[in-house]
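Report on the following structure.
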Amino acid sequence: MELNQYFDFLAADDIRIKGHRIGIETVLYEYLYRERTAEEIQQFYPSLTLIVLAIAL
């Protein structure tokens, strides 16, 4: 699996989900600190597929 297929590496501290302006830190925050599942995160960000969320998490 090539991470470049799923993420845009804009800077060392700025990784975005490819095709979106959503940063990986946003998804990880929802998962780690708010303890949301991939399905719950997708409700907040419906343009993200569960496959992309699973890869990000």
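The values are calculated or read from the model by the stated rules, or taken from the named source; none is laboratory data. Remember, it's a predicted structure, so these values are computed and weren't measured experimentally. For neighbour counting, all protein chains shown are included, and Cβ atoms are generated from backbone atoms with ideal geometry for every residue, glycine included. Keep in mind that these areas ignore ligands, DNA and RNA; they rest on the heavy atoms of the full protein, side chains included. Shrake-Rupley method; radii C 1.70, N 1.55, O 1.52, S 1.80 Å.
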Starting from one equal scatterer on each C-alpha and no solvent at all, send me the Debye-based log10 I(q)/I(0) for the chain at q = 0.19 Å⁻¹, two decimals.
-0.61
Highest mean packing first, using Cβ neighbours within 10 angstrom, the peptides 10-18, 49-57 sort as 49-57, 10-18
With +1 on the Cβ of every Lys and Arg and -1 on the Cβ of every Asp and Glu, the dipole magnitude of the chain about its Cα centre, in debye rounded to the nearest 20, is 140 debye
The chain, helix-only ellipticity at 222 nm - DSSP H runs n ≥ 4, -39,500 (n - 2.57), divided by all residues, nearest 500
-10500 deg cm²/dmol
Show me, for the stretch 36-44, the HN-Hα J-couplings you get by feeding each phi into the Karplus relation (A = 6.51, B = -1.76, C = 1.60, θ = phi - 60°), rounded to Hz, glycine and proline as x.
8, 7, 4, 5, 5, 5, 4, 5, 7
Return a whole-number percent for the relative contact order of the chain, with Cα pairs under 8 Å and 6 or more residues apart as the contact set.
23 percent
The chain - percent of accessible surface contributed by carbon and sulfur, probe 1.4 Å:
52 percent
Which chymotrypsin sites (Phe, Trp or Tyr not before Pro) does the chain hold that lie in a coil by DSSP with at most 12 other beta carbons within 10 Å?
Tyr33
Quick check for you: with a 1.4 Å probe and neighbouring chains kept, what is the accessible area per residue of the chain, in Å²?
73 Å²
Give me, ordered by chain and number, the residues 5 or more places off Arg36 or on other chains with an amide H under 5 Å from its own placed amide H.
Tyr31
Non-local residues with an amide H under 5 Å from the amide H of Phe7, with H modelled 1.01 Å from N and Pro and chain starts lacking one, are Lys18
